[in-house]
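A.B. asks: Okay, handing you the structure first.
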Amino acid sequence: MDVRSFKSAEEIAVAAADIFCDVLQKKPNAVLGLATGSSPIPGYTELARRAAAGLVDFSAARTFNLDEYCGLSLKNNRSYRYFMQHELFDKVGIRNENVHFLDGLAEDFDAECARYEAELAAFGGADLQLLGIGRNGHIGFNEPAKKMHAGCFRVDLTDDTIQANQRFFDCKGDVPRCALTMGIGTILTAKKILLIAAGEDKAAAVYGMLRGEISGQCPASFLRTHGNVLILLDESAARLL
Ligand code: GLP
């Protein structure tokens, strides 16, 4: 794994945007696996700046997001679909018909997960998969567990994750208890993986991912089984390495 440490969120944003631009330059209709949360925001802002300046073209890009809460519609401003529309899609001109998302309002979650998995596979998998990491080492919504999932699945969120994501909601009680997510196996089908971690509260998870045992205790540790992973850290997140 290629692990790089930076002094500021701005430097990470530039490095992340460089990777996206490189992928899109080589393949304008690249399949981009995207992530939500605070970690990708500076990179999305940098991509918006470059798109406005005509330095990168997203008009043919196809996107597949990692995960979505159960029970929230795309119009709900706490849904990941809404987040992506406002943080990236509108700003860089990604076409609606090129956006792919797990439907948190689906009547049959298992069928919805199978549909999404098959759709991504039909597109040949992601050319680039962007990831953040949870404090407990989760990626997407693959929470620590004895057994990891090969494909997309419905997950009950852990209390730690609910608490961590509470900041995007009015109160803890408003955070959905379950979500749909790409499985570890789905994530590992990406040709290239880019993970961003910033802040002191990610240091233990980053240590587990890079130095701990490869196990379900730290789902991100499975990234070590992939041959093309780039990790961008700030100094606080890299503190225990
Ligand atoms: C959520 C998302 C993850 C994300 C994580 C960390 O749980 N499902 O995809 O990586 O939060 O988010 P943040 O970057 O805000 O710390």
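The values are calculated or read from the model by the stated rules, or taken from the named source; none is laboratory data. On a predicted model such as this, the values are computed, not experimentally measured, just so you know. Quick reminder, even Gly has a Cβ in these numbers, built from the backbone with ideal geometry, and neighbours come from all protein chains shown. Accessible surface areas use protein heavy atoms only, side chains included; no ligands, DNA or RNA. Shrake-Rupley method; radii C 1.70, N 1.55, O 1.52, S 1.80 Å.
A.B. asks: Pairs needed: first member in the range 36-55, more than 14 Å from Asp22 (Cα to Cα); second member anywhere, of a type in the set (Phe, Trp, Tyr) and within 16 Å of the ligand (Cβ to nearest atom); C-beta distance under 7 Å; at least 6 residues apart or different chains.
C.D. replies: Cβ pairs passing all conditions: Thr36/Tyr80; Thr36/Phe83.
A.B. asks: Moving to a separate point now. Of the residues that sit in the range 29-66 and are within 15 Å of the ligand (Cβ to nearest atom) and in a loop (DSSP other than H, G, I, E, B), which one is nearest to Leu130 (Cα to Cα)?
C.D. replies: Only one residue tops the list, namely Ala35.
A.B. asks: For the range 1-26, name all the residues that are surrounded by 14 or more Cβ atoms within 10 Å (Cβ to Cβ) and not in a helix (DSSP H, G or I).
C.D. replies: Within the range 1-26, Met1, Val3, Ser5, Phe6 meet the criteria.
A.B. asks: In the range 146-181, which residues are in contact (Cβ under 8 Å) with a residue 60 or more places away in the chain, touching a strand residue (DSSP E or B) at 6+ places or on another chain (Cβ under 9 Å) and over 20 Å from Arg81 (Cα atoms)?
C.D. replies: Result: Met148, single match.
A.B. asks: Would the range 198-214 turn up any residue that is open to solvent by 60 Å² or more (accessible area, probe 1.4 Å), of a type outside the set (A, V, I, L, M) and touching a strand residue (DSSP E or B) at 6+ places or on another chain (Cβ under 7 Å)?
C.D. replies: no
A.B. asks: Further, regarding this structure: Can you name the residue in the range 143-156 that is among the hydrophobic types (A, V, I, L, M, F, W, C) and within 14 Å of the ligand (Cβ to nearest atom) and is also surrounded by the most Cβ atoms within 10 Å (Cβ to Cβ) among such residues?
C.D. replies: Cys152
A.B. asks: Would you check which residues across the range 85-137 are within 16 Å of the ligand (Cβ to nearest atom), free of Cβ contacts under 8 Å to residues at least 60 places away in the same chain and surrounded by 22 or more Cβ atoms within 10 Å (Cβ to Cβ) and list them?
C.D. replies: Correct list: Leu88 only.
A.B. asks: Name the single residue, out of those in the range 222-233 being buried (at least 21 other Cβ atoms within 10 Å of the Cβ) and under 19 Å from Asn136 (Cβ atoms), that is farthest from the chain's Cα centre (by Cα).
C.D. replies: Leu233
A.B. asks: Scan (1) open to solvent by 50 Å² or more (accessible area, probe 1.4 Å); (2) under 23 Å from Ile193 (Cβ atoms) for the single condition Gly140 breaks and write down its number.
C.D. replies: With (1) open to solvent by 50 Å² or more (accessible area, probe 1.4 Å); (2) under 23 Å from Ile193 (Cβ atoms) applied to Gly140, the lone miss is (1).
A.B. asks: Oh, and also: Of all residues in the range 4-19, how many are in contact with a strand residue (DSSP E or B) (Cβ under 7 Å, 6 or more places away or on another chain), closer than 30 Å to Gln166 by Cβ and modelled with pLDDT of 95 or more?
C.D. replies: Number of matching residues: 5.
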